[in-house]
Amino acid sequence: MRALLLWSDVQAKAEGPLLIRARSLRQSLHTRSIAKSHLPPKMKLRRCMCAAALLHAFLESHQMSWTNLPFSQHSGKSLPQVLFSDPDWFFWASAQGVFRRYPAIAKEGDLLLSRATRIIPPTTPTVRDPVVQYVVDGPTRKFLYFTIIERARPSELGVVRSELIDMSMPRQLSPYDKAGGRTFLACLKFYMFGDKSARMTRTRAEAFFDDEAHFA
């Protein structure tokens, strides 16, 4: 059996990005082999569980505490939740300075504005050097969908290419495009979570925007 991440390893990670992807966590728990030790199997398991608990507590202590909105149709939600349900409203409110009335929310809004427009497209076994391709409807100039493709692939008519995923793209093309925003979210969830219908709970939405590794 493999896997022991000691507390000293956890402390060392504080010197780098504080937030680690969930899959990196799983991998990190298998970085130290204790197969050659003379510990009984139950002791090895107990140490593994202890290390995992320490790392989990460390990560939770460095996650941002998001504020509940006290206004609008999104009252009671956090801004990460809003971005995964109504991105058009978020970008409208940000541009109108709506968040400025509440210093804590304004700070969170500025952070999310930066992150939501600079999402790193994931690589896959078939796409090693990805770029984002936004497909636009010719007559209306509205957002249709986006795909992540290999950079070497020839460009096509009616598309906009970008190095990053930008959640404001539907609004840039056509303000108040709620349908485009919903389609964008389906594409984003497909590429980032593996399911275009993935249910974005508060915990899941906030964890996504907590993870610095997602953003350029």
query = Identify, please: which residue in the range 206-216 is assigned to a helix (DSSP H, G or I) and small (Gly, Ala, Ser) and is, among those, surrounded by the most Cβ atoms within 10 Å (Cβ to Cβ)?
reply = 207
inquiry  = Looking at 176, 191 in this structure, which one is in contact (Cβ under 8 Å) with a residue 60 or more places away in the chain, at positive phi and aromatic (Phe, Trp, Tyr)?
reply    = 176
task = Please go through the range 153-173 and pick out each residue that is of a type in the set (Gly, Ala, Ser), modelled with pLDDT under 95 and on the phi < 0 side of the Ramachandran plot.
result = 155
query = Of all residues in the range 52-99, which are aliphatic (A, V, I, L, M), at pLDDT 65 or above, crowded, with 16+ Cβ neighbours inside 10 Å and in a helix (DSSP H, G or I)?
reply = 79, 82, 83, 93, 98
request  = Kindly indicate whether residue 179 is assigned to a helix (DSSP H, G or I) and either buried (at least 16 other Cβ atoms within 10 Å of the Cβ) or of a type in the set (Phe, Trp, Tyr) (or both).
outcome  = no
request  = For residue 114, work out the one condition from (1) buried (at least 16 other Cβ atoms within 10 Å of the Cβ); (2) within 15 Å of the chain's Cα centre (by Cα); (3) assigned to a helix (DSSP H, G or I) it doesn't fulfil.
outcome  = (1)
note = Apart from one, (1) within 25 Å of residue 76 (Cα to Cα); (2) surrounded by 14 or more Cβ atoms within 10 Å (Cβ to Cβ) all hold for residue 169; the odd one out is (1)
key: Every residue from the range 139-176 that is out of contact with any Asp or Glu (no Cβ under 8 Å at 6 or more places or on another chain) and not in a loop (DSSP other than H, G, I, E, B)   = 145, 146, 147, 148, 149, 159, 160, 161, 162, 165, 169, 173
request  = Assess whether residue 203 counts as being without any contact (Cβ under 8 Å) to a residue 24 or more places away in the chain, β-branched (Val, Ile, Thr) and either part of a helix (DSSP H, G or I) or surrounded by 13 or more Cβ atoms within 10 Å (Cβ to Cβ) (or both).
outcome  = yes
query = Would the range 43-51 turn up any residue that is at pLDDT 95 or above, of a type in the set (Gly, Ala, Ser) and surrounded by 13 or more Cβ atoms within 10 Å (Cβ to Cβ)?
reply = no
task = Tell me which residues, restricted to the range 145-166, are over 24 Å from residue 94 (Cβ atoms) and buried (at least 19 other Cβ atoms within 10 Å of the Cβ).
result = 149
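The values are calculated or read from the model by the stated rules, or taken from the named source; none is laboratory data. Just so you know, these numbers come straight off a predicted model, no measurement behind them. Counting neighbours? That spans all protein chains shown, and the Cβs are built from the backbone with ideal geometry, glycine included.
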